[in-house]
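Every number in this text was worked out from the coordinates using simple rules, so none of it is lab data. Being a predicted model, the structure only gives us computed values, none of them experimental. When we count neighbours, we look across all protein chains shown, and the Cβ atoms used for this are built from the backbone with ideal geometry, even at glycine.
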Amino acid sequence: MPKLKTKSGAKKRFKFTASGKVKAGVAGKRHRLISHNSKYIRQNRGTAVMADADAKKIKSYMPYA
């Protein structure tokens, strides 16, 4: 049986926690930040844990992670 390929876009964007949850950077922090308020910018700092429905799809993109 051939090895499965990991989606290269997924390996750049997602990491896994020790318990198997999927972490990702929060969206909406690249540009046009002047139109967002300080609370929005502050709360979207760092990474967030993905929802279970999204995590299931992401895990299929990364078979060996």
* Structure fact -> So, for the Cα atoms of the chain, Rg and Dmax in Å stand at 14.8, 52
* Using alpha carbons only, how many degrees (0 to 90, rounded to 10) separate the axis of helix 52-61 from the longest principal axis of the chain? -> 50 degrees
* Members of Lys29/Lys56; Lys3/Lys23; Lys5/Lys29; Lys11/Lys39; Lys21/Lys56 lying beyond 18 Å, as alpha-carbon distances in this model show -> Lys29/Lys56; Lys3/Lys23; Lys5/Lys29; Lys11/Lys39
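So for each of 33-44, 52-63 I average, over its residues, the number of other beta carbons within 10 Å; can you give me the resulting order with the highest mean first?
Packing order, densest peptide first, comes out as 52-63, 33-44.
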* Using +1 on the beta carbon of Lys and Arg, -1 on that of Asp and Glu, and nothing else charged, what's the dipole of the chain about the Cα centre, debye to 20? -> 220 debye
